[in-house]
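Okay, so here's the structure we're looking at.
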Amino acid sequence: MICLIQRAKNGKVKVDNQIIGEIEHGLVVLVGFQPADTSRTLEKMRHKLLHYRVFADENDRMNLNVQQAKGGVLLVPQFTLAANTKSGLRPSFSDSAPPSQASPLFDEFVNLCRQSYDKVATGEFGANMQVSLTNDGPVTFWLEI
């Protein structure tokens, strides 16, 4: 499982020109799944995501997690994160979980995050989404389980 997290001043996802998920400050998280991912993988990533310290404390050091910073979390399914780009000029998606596996994993991950934190918004699995954000810093991290 891969999560590309971006500390953001704001973020939103549109589908068919309608906003379906939006946060003010917080984390915009692109979420990709791989064939070996399980419920245990999701639980480990949920913990890491909600506790990863990327927000500034009173001394301007990255010591606060998204919950301590009272930020939102915008989860956006993104199968291209697991693409194999090591050779050639076209990505291979053989390392990505197929939609029949990834869709229920995304739903389960969203539910896990919402059970632990109440400021979770989402994109839509399988939809053509337009994602926009104002990256704060910029601060971007690749989390992998």
Report the Cα centroid-to-centroid distance between the stretch 117-145 and the stretch 72-89 in angstrom, as an integer. 12
Taking amide hydrogens as modeled 1.01 Å from N in the peptide plane, which residues meet the under 5 Å criterion relative to Val139, leaving out close sequence neighbours? Arg7
From the cross-link list Lys48/Lys119; Lys44/Lys70; Lys9/Lys70; Lys9/Lys119; Lys12/Lys86, which pairs have alpha carbons spaced over 23 Å apart? Lys12/Lys86
Sum -39500 (n - 2.57) across every DSSP H segment of at least 4 residues in the chain, then divide by the residue count to get the 222 nm mean residue ellipticity, nearest 500. -7000 deg cm²/dmol
Under the Karplus curve 6.51 cos²θ - 1.76 cosθ + 1.60, θ = phi - 60°, whole-Hz ³J(HN,Hα) for the stretch 113-130, x wherever Gly or Pro sits: 5, 5, 5, 9, 8, 8, 10, 10, 10, 9, x, 10, 4, x, 8, 7, 9, 10
What list of ³J(HN,Hα) couplings, whole Hz, do you get for the stretch 94-103 from phi and the Karplus terms 6.51, -1.76, 1.60, once you set θ to phi - 60° and write x for glycine and proline? 5, 8, 8, 5, x, x, 5, 9, 5, 4
If I compute mean projected area of the Cα convex hull in nm² from the structure I just sent, which labelled value in (i) 9.0; (ii) 7.6; (iii) 9.4 lines up? (i)
Rg over Rh, two decimals, the stretch 15-80 (C-alpha only, Kirkwood Rh): 1.04
Two pseudo-spin positions, 7 Å from Cα along C-beta at Ile20 and at Arg90, lie apart in nanometres by 2.7
antiparallel share of DSSP beta bridges within the chain, to nearest 5, in %, is 75
Taking a crude spin-label model, label points 7 Å out from Cα along the C-beta direction, the Asp107 to His47 distance in nm is 2.6
Can you tell me which of 19-25, 43-49 comes out highest on packing, and rank the rest after it, using the mean Cβ neighbours within 10 Å? 43-49, 19-25
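We did not get these values from a lab; they are worked out from the coordinates using the rules stated. Owing to the predicted nature of the structure, the values given are computational and were not obtained by experimental measurement. A quick note on method: Cβ atoms are made from the backbone with ideal geometry, for glycine too, and the neighbour counts reach across all protein chains shown.
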